[in-house]
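The values are calculated or read from the model by the stated rules, or taken from the named source; none is laboratory data. Predicted model, so just to flag it, every value in this text is computed and none were measured. Backbone-built Cβ (ideal geometry, glycine too); neighbour counts: all protein chains shown. Surface accessibility is based on the protein's heavy atoms, side chains included, excluding ligands, DNA and RNA. Shrake-Rupley method; radii C 1.70, N 1.55, O 1.52, S 1.80 Å.
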Amino acid sequence: MSRRSWRQLAIAGLVVAAGGGAWAVAPSASADDAPRITQLAGVTEGATLSGTARIEARTSGTVDRVEFSLSGARTATWTERQAPYYFLGNNGTIVPGWDAATAPDGAYTLAVRAIGPGGTSQQTVRFTVGQQAGKPAPTQVPTPTTGGDASAANPSVSNGVATFTANKTIGKLSVPDSWTEIVIGAGVTLKGNFFIPANRTKALTITGRDKQTSQLTGDGPHAKDYARAGVTTEAKIKLTLRNYTSVNPRFYHMWAKSAQVVMSGMRYIDNRDLGSNNSDGFSGGDNSLIENTFIDTWDDSAKLYTGDLTIRDTTIVHNRNGAPIQMAWGDYGQGTAILDGLTVISNSSNGYNQGVFSWAGGTKADTRTIRIVGDGFTRKVNPGMVEAPLYAFKDGVKNKTIRVEGGDCAVVRSTSANTFQGANTSGNKVVVTGCK
């Protein structure tokens, strides 16, 4: 099965309309290579689910990824990049599945898309949870307050998968080398952070059973300590973060500058409104990916420091203190940001410390590239707020170039109104090519 990098996909002609979910593919393969979903195993149209559903998309043709989107009383998104394509993933032969027993009663729809260089195939299946035929749905579903099953082992560990089933203060939890996956149950809040030792060589996945109610939150006041980021590591590994919410970490939401990070279906939230709490969002290594993610934090949302970064189908709320995409704070780093469905929402009523694309400090000549796929970059302004600068050069930075490739010319062109040059800055410029 072909496995292409995202850059190769872009060259092959894949275009995503930002925020709208409309896909158009310029065919670059034969009909035999076109991706197809041949079966959705584990669930049938009109079924009533009450236990664990292990839902698999079986495919033919050349498939680069399969995207699952669940709507209903509980929602979830999931992307699989290697067969077998299970909703909520698998760890070898272990398939945790989707636990209908913990989901609110009601009607659900699961949309599944198989995407490859030759096109897109989609199937949809509708089912219900907890209702017998002819029995009306309850008018109200009580919200669980126990935080899961506190009587069970917490976490329980089986075949390298550590599953947290109840609320717990974990402190700075040094992840054992024997763990290959950490699962945060639905309705479970963990207080503390996951510290991944620098000498680790095995890949690690941290996943939630429910994007909104599987939560990792800080266990104390702000501390400028990289070891206290929500997830932190110096290890050069593949790190997958999926389908949970990170809230008010003690330092950054995550710090993994050497790891190849795949972040999918995540929510990064800071609601302390302190403005100077250094609650930065994403910092990953070369060839990292952010997709189907929502970031609303109070400092830099994504750092373009340590290599190429793809951002797809993601929304960033731009608060006063930070930059949605920060090039660097000084003379270091490298990388290209590939934007394929990024929406940035201005959310300050009294100005911004940084622009959407920002560079602060340093005097050596350097360039960062922002590559926009199709119409893959959109800007919005929340009601009552002012629009942030698009580009900003600050803190004495000199001789830096932000190179923008593609996009809507009316949006990405540098003008005196959308480009901020701070005090003691010089020789900085924005170069836009290939816009339309």
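For the reader, a short list of remarks on this structure follows.
- Among the conditions (1) open to solvent by less than 20 Å² (accessible area, probe 1.4 Å); (2) assigned to a strand (DSSP E or B), the only one that ASP300 does not satisfy is (2).
- Pairs with Cβ under 9 Å, 6+ apart, first in the stretch 45-67 and over 21 Å from ALA100 (Cβ atoms) and open to solvent by less than 10 Å² (accessible area, probe 1.4 Å), second among the charged types (D, E, K, R) and part of a strand (DSSP E or B): VAL63/ARG36; ARG65/GLU80; ARG65/ARG113
- Matching entry among THR232, THR205 (being open to solvent by 20 Å² or more (accessible area, probe 1.4 Å), out of contact with any Leu (no Cβ under 7 Å at 6 or more places or on another chain) and assigned to a strand (DSSP E or B)): THR205
Listed here are the residues, each with its yes/no results for (1) under 20 Å from THR77 (Cβ atoms); (2) at pLDDT below 95; (3) touching a helix residue (DSSP H, G or I) at 6+ places or on another chain (Cβ under 8 Å).
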site	(1), (2), (3)
LEU216	yes, no, no
GLY220	no, yes, no
ARG242	yes, yes, no
ASN248	no, yes, no
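- Only one of ASP105, ASP149, ASP99 that is modelled with pLDDT under 75, among the charged types (D, E, K, R) and either at negative phi or buried (at least 16 other Cβ atoms within 10 Å of the Cβ) (or both): ASP149
- Qualifying residue in the stretch 322-343 (condition: β-branched (Val, Ile, Thr), surrounded by 19 or more Cβ atoms within 10 Å (Cβ to Cβ) and over 15 Å from the mean Cα position of the chain (by Cα)): no
- Of residues in the stretch 268-295 being in a strand (DSSP E or B) and in contact with a Lys or Arg (Cβ under 6 Å, 6 or more places away or on another chain), the one modelled with the lowest pLDDT: GLU291
- All conditions in (1) at negative phi; (2) open to solvent by less than 40 Å² (accessible area, probe 1.4 Å) hold for SER156, with the sole exception of (2).
- Qualifying positions in the stretch 243-254 - surrounded by fewer than 24 Cβ atoms within 10 Å (Cβ to Cβ) and part of a strand (DSSP E or B): THR245, VAL247
- Selection of strands (runs of 3 or more DSSP E) fully inside the stretch 30-71 by the criterion of at least 1 residues being farther than 22 Å from ASN292 by Cα returns 36-41, 47-49, 56-60.
To keep it simple, each residue is scored yes or no on (1) of a type in the set (Val, Ile, Thr); (2) within 16 Å of LEU304 (Cα to Cα); (3) in contact with a helix residue (DSSP H, G or I) (Cβ under 9 Å, 6 or more places away or on another chain).
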| position | (1), (2), (3) |
| --- | --- |
| ASN350 | no, no, no |
| LYS364 | no, no, no |
| VAL386 | yes, no, no |
| VAL431 | yes, no, no |
| CYS435 | no, no, yes |
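- Within the stretch 255-267, considering residues that are open to solvent by 30 Å² or more (accessible area, probe 1.4 Å) and in contact (Cβ under 8 Å) with a residue 40 or more places away in the chain, the one farthest from the chain's Cα centre (by Cα): SER258
- If the condition is being at pLDDT below 90 and within 30 Å of ASP408 (Cα to Cα), then the stretch 35-64 contributes only ASP64.
- From the options ASP331, ASP313, residue that is in contact with a Gly (Cβ under 7 Å, 6 or more places away or on another chain) and in a strand (DSSP E or B): ASP313
- Residue under evaluation LYS238, criteria (1) under 21 Å from ASN292 (Cβ atoms); (2) modelled with pLDDT of 95 or more; (3) open to solvent by less than 40 Å² (accessible area, probe 1.4 Å), criterion not met: (3)
- Applying the criterion of being farther than 22 Å from GLY333 by Cβ and over 22 Å from the mean Cα position of the chain (by Cα) to the residues of the stretch 353-387, the residue that is surrounded by the fewest Cβ atoms within 10 Å (Cβ to Cβ) is PRO383.
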